[in-house]
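Before any comments, here is the structure.
Bear in mind that the values in this text are calculations on the coordinates, not laboratory data. This is a predicted model, so every value here is computed, not measured. Quick reminder, even Gly has a Cβ in these numbers, built from the backbone with ideal geometry, and neighbours come from all protein chains shown.
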Amino acid sequence: MTSSIEGHAQVVIEVQGGEVMSAHFRAMELRGFEHFVRGVPAEQMPVIVPRICGVCSTAHHVASVKALEDAYGVTPPPVARKIRELLLLGQLIQNQATSLFIFTMPDRLGVASIFQLGATERDLEKDRAETARRALQVRKAGTDLISLAGGQFIHPVKAVVGGVSSGIQPEAAAAMREKLVQALPLACDLFDYYWQMSLALRERIGTWGDDAPAFYIASTGDSFPNYDGDVIHVMLLDLMMPGMDGFQVLEEKRRDPSIRDIPVIIISSRDPTGDPIVSNTLTVTHGAGLSQRDLSACIQALGRILAPSSVEENNRAS
C-alpha cells in the first residue's frame, strides 16, 4: 500500500492476512538543483527551478523572479504584481483541492480513491456521488487561473524580471471570475463535508494519531491575501543545517539591522545549553524532545508574549 502524498517520498506498508509485515519510508534526499544551476545564466532560473515540483511549480517560478528583481534592484509595476498574486492564488486553490479532496478525502470515506466510489456508495450516500466531480471542478478553477495568469498550468512562464510577459484580456478575466464564483460554493461544501468525515474518522479509529491543533501559515494582509510583502514577523530556525549552522545564522542576523529584532523560534534536536549565547534567547527544552503538541503550545505562548499589545501592556505594568 502506498500513501497518497505530494512530493518525492512514499510510505510503503506490506500487509499479509491483516498483519503488518513491513513498513518503509522512502525519500529522495538529493534533488541536485543547487548543483546543476551553477554557472547557468540567472535569467534562466524562472524556467529551471519550477521543475523542482510539478504541483507547486508556481511558487518556485515567482520566488525565483522576485529573487532576481531583488538582486537587480528592479520593482515590477502594480498590475504585474496583481497578476502574479492571481497566479499564486490559483496555485493555492489547486494545491489545496488536490491535497484535501483528492489525496486525503479517500481516507475519510474509507475508499482507495474518490474515483472508485462504486454504485453501492452512490446509492447509499448521495453526497459521495458528487465528491469526485466537485473536487475536480474546484481544482480546475485553480489550474485555469494559473494558466490565465501564468501562461500555462505546469511550470508557468509569464513572470519575468520587471513584470510579466503579457496581461489578461478583459473577456478572459470575466470568464475566469465566473468560474471562480461557481467553484466557491462547491469548495465550501466540500470542505464542510471533509471536516464532517474527519470527525467521523476520529470517532471510528479513536484518534488522528496526533490530535494537537494545527496552524496554517499563510501570507495574508489585514483583509486580503498578500503574497508580495517583505515583512517577516517571525523566523523558524533549525540549528542543524549544512554549511552555515543555526548559531552562525543568528550571529549574521545580529549584525543585520534590518532583521536584528525579528523573533526567532529555534527547532532542533541538538541541545543548545553547551553552545555560546549569540543573542538574547528564551529557551524551551525537553529531555525526550518536543512533540508537535508541545511545539504548538510553545509557539502559541511565545506569540502571546511577543505580540505588540502584550509588550505594551507589560511596559505599562512595569
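Rounded to two decimals, the Cα radius of gyration of segment 42-205 over 2.2 N^0.38 Å is 1.22. Each peptide in 137-149, 92-104, 247-259 gets a packing score, the mean of other Cβ atoms within 10 Å over its residues, and the list from highest to lowest is 137-149, 92-104, 247-259. The phi torsions of segment 144-149, fed into the Karplus equation with coefficients 6.51, -1.76 and 1.60 and a -60° offset, translate into couplings of 5, 5, 4, 4, 5, 7 Hz, rounded to whole numbers, with Gly and Pro shown as x.
Within the straight-line cut-off of under 20 Å between alpha carbons, the lysines reachable from K82 are K66, K158, K179, sequence neighbours fewer than 8 places apart in one chain being disregarded.
In whole percents, the pair-distance distribution calculated for segment 32-110 from its alpha-carbon pairs, binned every 10 Å from zero, is 16, 38, 28, 13, 5, 0.
Residues whose amide H comes within less than 5 Å of that of I266, counting only those at least five positions distant or on another chain, are L237 (H built at 1.01 Å from N in the peptide plane).
Shown in residue order for segment 182-199 are the 3J(HN,Hα) couplings computed by the Karplus curve 6.51 cos²θ - 1.76 cosθ + 1.60 at θ = phi - 60°: 6, 7, 4, x, 5, 5, 5, 5, 4, 5, 4, 5, 4, 5, 4, 5, 5, 5 Hz (x for Gly and Pro).
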